Amino acid sequence: MKLRPLTIRRLFVWLALALTLCALPFPASQALAQTIELTVQDQDIELNALLEHRVDPDGVLNAANLIKSDVYQWDHDGFQAFGYTSDVHWFRLRLLRPPPVADEWVLELGRPFMDDVRIFIDDGRKMEEHRLGDHIPVAQRPLPTRMMVLPLKLPADRPITLLIRTQTTSATALTASLSRPLFFANREGRESLYYGVFYGIYIVVILFHLTIGSWIGDRLHLIYAVFASCQMISYTFINGYGQILLDQSWPYLSDRVINITNFTSCFLAIWLWIEILGMKRNYPRIFRVYQGIAGLFLAALVVGWGDLYPRIAPGAFFLIAGTSFASLGLAADQLRQNPAHRTLWFFTVGFAVVCVALSIHVSALLGLVPLYLLPENLHQISALTHLTLLSAGLIYRIREMNQERSSAREEAITASARADGQRSLVAMLSHEFRTPLVMIHSAAQMIRFRETAMASGTRERLERIEGTARRLSALIDVFLASDALDQGKIVLTPREGEISVLVERVLPQFGGQARRIQVAQFPPIRLIADHDLLGVALRNCLANALNYSPPQSPVWLSLSVTDGTVSICVRDEGPGIAAEELEHIGTPYYRGRHSSHKAGSGLGISMIRTIIQAHGGSMTVHSVLGAGTTITLSLRDFSAPSPA
């Protein structure tokens with residue numbers, strides 16, 4: 001259905017009217033300035049909308065002047081929150097108790113994080129002053145409760161004036177209620193039960209994510225556990241329980257704890273979004289921006305946890321709110337592309353709930369919305385909702401990870417079965433090829449020995465036949481040995497033997513190419529190793545050097561002993577290997593760009609490394625473009641030098 005332009009204009013008009021109404025202040029009745037008369041039916045009176053207010057930026061006003069004089073202007077707009085300010089704020093209330101009404105009442109003030117709260121009670125004859133606030137140790141308060149509580153004994157038929165003076169380094173936000181003692185006690189019991197359940201859920205969830213994160217090695221669970229811990233500690237002091245638990249022995253304890261945990265929570269929230277959205281992979285540019293924002297919160301954590309907090313906190317709250325809403329936009333974009341991503345749905349909805357609640361709460365603290373219009377436990381409700389959704393998302397993430405592992409395991413089994421079949425086929429073909437190759441090589445040798453007088457061209461073709469058969473036979477040996485080493489089917493059979501014997505056995509395998517190999521003089525060394533496998537490794541080293549260097553260039557073979565380590569070095573004058581390719585040398589089937597025009601399988605170097613590592617040694621490759629390559633095989637298990 002399409003909307004007509006007139007309908008759209010009407011919608012915009014109604015929306016503008018609604019926003020205008022929301023922006024208007026909430027005026028209170030003129031009766032607010034009048035005396036509130038208590039009745040017998042009153043058990044609990046919310047005073048939030050009944051308080052008169054005035055601000056004292058310079059802190060020069062005093063209670064006596066405010067009570068005796070009516071020249072001061074008082075606001076009646078019903079607002080009790082005025083943002084992060086160090087100004088002094090005064091609130092006024094007049095009460096009258098008729099004789100039938102009980103005289104014992106309890107005045108309860110919040111929020112618990114207010115630093116300095118002074119209550120002046122004037123009954124026309126005398127004025128009393130009481131000091132409250134979270135800078136006052138719990139033992140010095142009239143009642144050891146989480147809120148600021150003052151028992152009142154009201155005179156009959158004589159109006160009293162209550163003046164409340166507040167000053168704080170955190171947000172200035174005052175709530176007030178007047179209750180009968182029994183009603184107050186019952187409410188305190190219910191709230192203690194509710195908060196006990198609230199913190200119990202938090203502790204269980206934190207321990208769960210710590211355990212799961214440590215068990216499966218999932219970083220996201222661990223980050224969220226620390227994030228939830230900071231949130232719980234912050235709520236504990238914001239709600240006043242931290243001051244009771246620690247007896248508020250240091251006046252600035254709650255201030256510092258709330259400041260530190262708030263900035264730490266903001267930093268961890270950024271980290272969570274980076275992990276959840278895979279920003280480093282999916283949004284590399286935005287990832288750098290988020291890193292910068294996280295750095296700002298770390299800097300705020302260092303410099304802003306003290307007296308600078310009131311100046312930094314509003315900007316920090318708006319920054320984390322803006323970042324969170326931007327993250328929700330990125331999450332919505334990912335969900336649009338992949339609606340079946342259930343884990344991200346949980347994360348997105350969970351953070352959306354807490355972002356909306358945080359925005360409303362901060363707006364109320366800054367005085368943009370009357371505090372009394374908000375649910376008293378807004379952030380507790382939103383926190384539990386967030387906790388439930390995020391935990392469900394993380395649990396579902398475990399399920400997805402298990403499914404991915406199962407799929408990967410099944411694919412690995414399938415690939416292993418396929419590879420076993422391929423290896424069996426290669427082994428069978430290799431064995432089938434070996435016999436005819438041996439026959440071809442033997443026949444070529446027999447012809448060369450019997451036919452001594454043959455043309456030079458015929459002799460060259462015969463040598464090519466022998467060389468090709470020899471290379472194919474060596475290639476089959478490489479495939480079979482490499483496969484057996486990968487499968488762990490070859491068991492080392494170490495024995496003591498001379499290295500010189502090993503070299504003498506390997507060199508003739510290269511036929512006419514052996515004359516290019518320059519063997520340096522080395523001392524006689526008896527090495528304890530599997531000499532057959534070492535022969536395969538040495539032959540492959542020399543074969544690579546001969547194959548990838550100019551046809552007439554020499555290849556050097558040397559042996560040295562340093563600090564108990566035998567080093568066998570093979571050096572050539574080939575084109576060398578680029579630095580970016582060196583890290584891939586030794587990977588099965590990998591061939592560099594200079595080897596594309598050469599015959600080979602890419603298994604030789606991999607097999608050399610596997611054989612040397614099986615002996616507990618190491619292989620290093622040093623190469624410079626245009627200056628050749630040196631392969632060094634290092635072994636430690638050898639016996640003492642044999643006698644000369």
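The values are calculated or read from the model by the stated rules, or taken from the named source; none is laboratory data. Everything numeric here is computed off the predicted structure, so don't read it as measured data. Using ideal geometry, Cβ is built from the backbone for each residue, glycine included, and neighbour counts are taken over all protein chains shown. With ligands, DNA and RNA removed, areas are computed over all heavy atoms of the protein, side chains included. Shrake-Rupley method; radii C 1.70, N 1.55, O 1.52, S 1.80 Å.
Could you tell me whether any residue of the range 106-113 is aliphatic (A, V, I, L, M), at pLDDT below 90 and surrounded by 19 or more Cβ atoms within 10 Å (Cβ to Cβ)? The answer is no, given that none of the residues of the range 106-113 is aliphatic (A, V, I, L, M), at pLDDT below 90 and surrounded by 19 or more Cβ atoms within 10 Å (Cβ to Cβ). Among the residues of the range 514-537, those that are at pLDDT 80 or above and open to solvent by 40 Å² or more (accessible area, probe 1.4 Å) comprise 515, 518, 519, 520, 528. Can you say whether residue 582 is open to solvent by 20 Å² or more (accessible area, probe 1.4 Å), closer than 25 Å to residue 520 by Cα, at pLDDT below 85 and not β-branched (Val, Ile, Thr), as far as the supplied structure shows? Against the criterion (open to solvent by 20 Å² or more (accessible area, probe 1.4 Å), closer than 25 Å to residue 520 by Cα, at pLDDT below 85 and not β-branched (Val, Ile, Thr)), residue 582 does not qualify.
What are the residues in the range 490-506 that are without any contact (Cβ under 8 Å) to a residue 40 or more places away in the chain and either open to solvent by 40 Å² or more (accessible area, probe 1.4 Å) or in contact with a Pro (Cβ under 7 Å, 6 or more places away or on another chain) (or both), if any? Result: 491, 493, 495, 500, 501, 504, 505. Selection of the range 62-103 for residues being surrounded by 14 or more Cβ atoms within 10 Å (Cβ to Cβ), assigned to a loop (DSSP other than H, G, I, E, B) and modelled with pLDDT under 90 yields 74, 76, 77, 78, 79, 80, 85, 86, 87. For first residues located in the range 360-374 and part of a loop (DSSP other than H, G, I, E, B), partners that are open to solvent by 20 Å² or more (accessible area, probe 1.4 Å) and modelled with pLDDT of 70 or more and lie 6+ apart or on another chain with Cβ distances below 6 Å form the pairs 367/82; 369/363. Scanning the range 87-126 for residues that are within 16 Å of residue 154 (Cβ to Cβ) and hydrophobic (A, V, I, L, M, F, W, C) yields 93, 95, 96, 101, 102, 105, 106, 107, 119, 120, 121. Every condition in (1) within 28 Å of residue 252 (Cβ to Cβ); (2) open to solvent by 30 Å² or more (accessible area, probe 1.4 Å); (3) of a type in the set (A, V, I, L, M) is met by residue 294 except one, and the failing one is (2). Within the range 171-188, being open to solvent by less than 20 Å² (accessible area, probe 1.4 Å) and not hydrophobic (A, V, I, L, M, F, W, C) holds for 172, 177, 179.
The condition (being open to solvent by less than 30 Å² (accessible area, probe 1.4 Å) and either in contact with a helix residue (DSSP H, G or I) (Cβ under 6 Å, 6 or more places away or on another chain) or of a type outside the set (S, T, N, Q) (or both)) is satisfied by just one residue among 233, 223: 223. Of all residues in the range 104-126, which are in contact with a Ser or Thr (Cβ under 9 Å, 6 or more places away or on another chain), outside any loop (DSSP other than H, G, I, E, B) and of a type in the set (A, V, I, L, M, F, W, C)? Within the range 104-126, 105, 106, 107, 109, 117, 120, 121 meet the criteria. Among the residues of the range 410-427, not a single one is at pLDDT 75 or above and buried (at least 16 other Cβ atoms within 10 Å of the Cβ).
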